[in-house]
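The values are calculated or read from the model by the stated rules, or taken from the named source; none is laboratory data. Model, not experiment: these values are computed from the prediction. The protein model used for the area step is the full one, side chains on, heavy atoms only, and it has no ligands, DNA or RNA in it. Shrake-Rupley method; radii C 1.70, N 1.55, O 1.52, S 1.80 Å.
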Amino acid sequence: MEVAIPSSDITILKQAVEISELRQQLAEAQDQCIEMAVDAGHLHAEIGRLRRDLAAAEGRRTGASGRTRHRRLGVAAA
């Protein structure tokens, strides 16, 4: 004997499954956003180190005349 399931119940079940799948996708997207933010922070720090290294290298190479370029880069002359 088969049990008849009302179509409204089937619709609710389908929607519940879809919501569950969408929540999983959202969680994955949030994880990716966090990973990207962490990576961006590391890249920002690396850019800062590279700018300081560049400023120091240019300072050694050009002496005091390199200060104008360092200010333009937003890095204090070494």
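Would you say residue 16 is among the small types (Gly, Ala, Ser) and open to solvent by 70 Å² or more (accessible area, probe 1.4 Å)?
Values: among the small types (Gly, Ala, Ser): yes; open to solvent by 70 Å² or more (accessible area, probe 1.4 Å): no.
When the stated conditions are applied, residue 16 does not pass them.
Look at residue 76 and say whether it is at pLDDT below 95 and in a loop (DSSP other than H, G, I, E, B).
Values: at pLDDT below 95: yes; in a loop (DSSP other than H, G, I, E, B): yes.
Criteria met by residue 76.
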